[in-house]
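Note sheet for the following structure.
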């Protein structure tokens, strides 16, 4: 990408869940578009490998050991980003888990993990970042939701609930801050080839999910990264508040 088409030159972005999948691809896309990028995740080795790769291409990068379920860690990540990279213009709340399974016979620990990461993680990171964005009169908060935030399905009840919560939180926040120059956007992927299905603990749910993903031409992480880049590259007077991206083969 040439200097003439680097729409995020001079901007600073923070991406959570950046050690793999959509988060990693988004960090790469934002860096290629000219942004300085803070990348946060729990897997330090993979995070450092990504940071080295981005630095090798000339980007300014900050690697953050970040567990979004830890409120203080979220506050520290935002503070360090502003101190070490010079500001914060784009927050991509991507960290999440998809522990699909039935409600009957479920392990409630799966529920706690999903709600802590998918909902409280988004809230903690947003809380840490939004006041500064309001003060500067600009900023983008992009929350990674899902088609599961629109349609409830058997075997995905608590994951559905977590993503519906993200959608509701995002829309309420949008109404609160849009008049003060801060844009809030939802990106809602359908089936994407990532590691999410690997962590499902119910064997039947894991098998069913993996079968579904292999039965179609699933999206790649880079497809979603392009959607995020599109959202945050718009002129200041344009807010793209919601982007739903499904594989062509996905019916619902």
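Values in this text are rule-based calculations from the coordinates and carry no lab data. Since this is a predicted model, take the numbers as computed values, not measurements. Virtual Cβ from ideal backbone geometry, glycine too; neighbours counted across all protein chains shown.
Multiplying the sequence separation of residue 70 and residue 168 by 0.36 nm and subtracting their Cα-Cα distance, what value in nm do you get? Could you put the intermediate results ahead of the total?
Details: separation 98, 0.36 × 98 = 35.28 nm, distance 2.18 nm.
Length difference between fully extended and current span is 33.1 nm.
Regarding the chain, what is the average projected area of its C-alpha convex hull, in nm²?
Values: hull surface 51.6 nm².
Taking a quarter of the hull surface, the average projection is 12.9 nm².
Any chance you could get the radius of gyration and Dmax over the Cα atoms of segment 12-78, in Å?
10.8, 32
What per residue convex hull volume, in Å³, comes out for segment 74-191 when only alpha-carbon positions are used? Please report the intermediate quantities before stating the final value.
Details: hull volume 11.0 nm³, N = 118.
Spread over its residues, the Cα hull of segment 74-191 gives 93 Å³ apiece.
Express in nm, to one decimal, how much length is gained between residue 195 and residue 234 on full extension, taking 0.36 nm for each residue of separation and deducting their alpha carbon distance. It would help to have the intermediate numbers written out before the result.
On the way: separation 39, 0.36 × 39 = 14.04 nm, distance 3.00 nm.
Using 0.36 nm per residue and subtracting the Cα-Cα distance, I get 11.0 nm.
When the chain is fully extended, how far beyond the present Cα-Cα distance does residue 9 get from residue 57, taking 0.36 nm per residue of separation?
Numbers: separation 48, 0.36 × 48 = 17.28 nm, distance 1.44 nm.
Full-extension gain reported as 15.8 nm.
Would you calculate the separation in nanometres between label points at residue 251 and residue 44, each defined as 7 Å from the Cα along the Cα-to-beta-carbon direction?
4.8 nm
Quickly rank 202-208, 127-133 as a protection proxy: mean count of other C-beta atoms within 10 Å, highest first. Mind dumping the intermediate values first?
Details: 202-208: 14.7, 127-133: 19.0.
Taking the mean over residues of other Cβ atoms within 10 Å, the ranking is 127-133, 202-208.
How large is the translational diffusion coefficient of segment 139-230 in µm² per second when you combine the Kirkwood radius over alpha carbon pairs with Stokes-Einstein at 20 °C and 1.002 mPa s?
Working: Rh = 14.6 Å.
My calculation gives 147 µm²/s for D.
Enter the angle in degrees (range 0 to 90, nearest 10) between the Cα long axis of helix 221-232 and the first principal axis of the Cα atoms of the chain, meaning the one along which they spread out most.
Roughly 50 degrees, rounded to the nearest 10.
Can you give me the angle between helix 121-136 and the longest principal axis of the chain, using Cα atoms only, in degrees from 0 to 90, rounded to the nearest 10?
With rounding to tens, the tilt is 20 degrees.
Give the separation of the Cα centroids, segment 178-198 to segment 28-50, in Å.
Between the Cα centres of segment 178-198 and segment 28-50 lies a distance of 17 Å.
Sum -39500 (n - 2.57) across every DSSP H segment of at least 4 residues in the chain, then divide by the residue count to get the 222 nm mean residue ellipticity, nearest 500. Let's see the in-between values first.
Details: 8 runs with 108 residues, N = 252.
Dividing the helical sum by the residues of the chain leaves -13500 deg cm²/dmol.
If I fit a long axis through the Cα atoms of helix 157-177 and take the longest principal axis of the Cα atoms of the chain, what angle between them do I get, 0 to 90°, rounded to 10?
Helix 157-177 and the main axis of the chain meet at about 30 degrees.
Above 16 Å lies some portion of the pair distances; for segment 186-252, what is it as a whole percent of all C-alpha pairs?
Details: 1211 of 2211 pairs.
Tail of the P(r) past 16 Å holds 55 percent of the pairs.
Mark the label point 7 Å from the Cα of residue 102 along Cα→Cβ and return the residues of segment 160-179 whose backbone N is within less than 18 Å of it.
Hits in segment 160-179 for residue 102 at 18 Å: 160.
Classify segment 1-142 as rounded, prolate or oblate from the Cα gyration tensor: take a ≥ b ≥ c as the square roots of its eigenvalues, call it rounded if a/c is under 1.5, otherwise prolate when a/b beats b/c and oblate if not. Numbers along the way, then the final one.
Values: a/c = 2.14, a/b = 1.59, b/c = 1.35.
It is prolate, given that a/c is not under 1.5 and a/b is the larger ratio.
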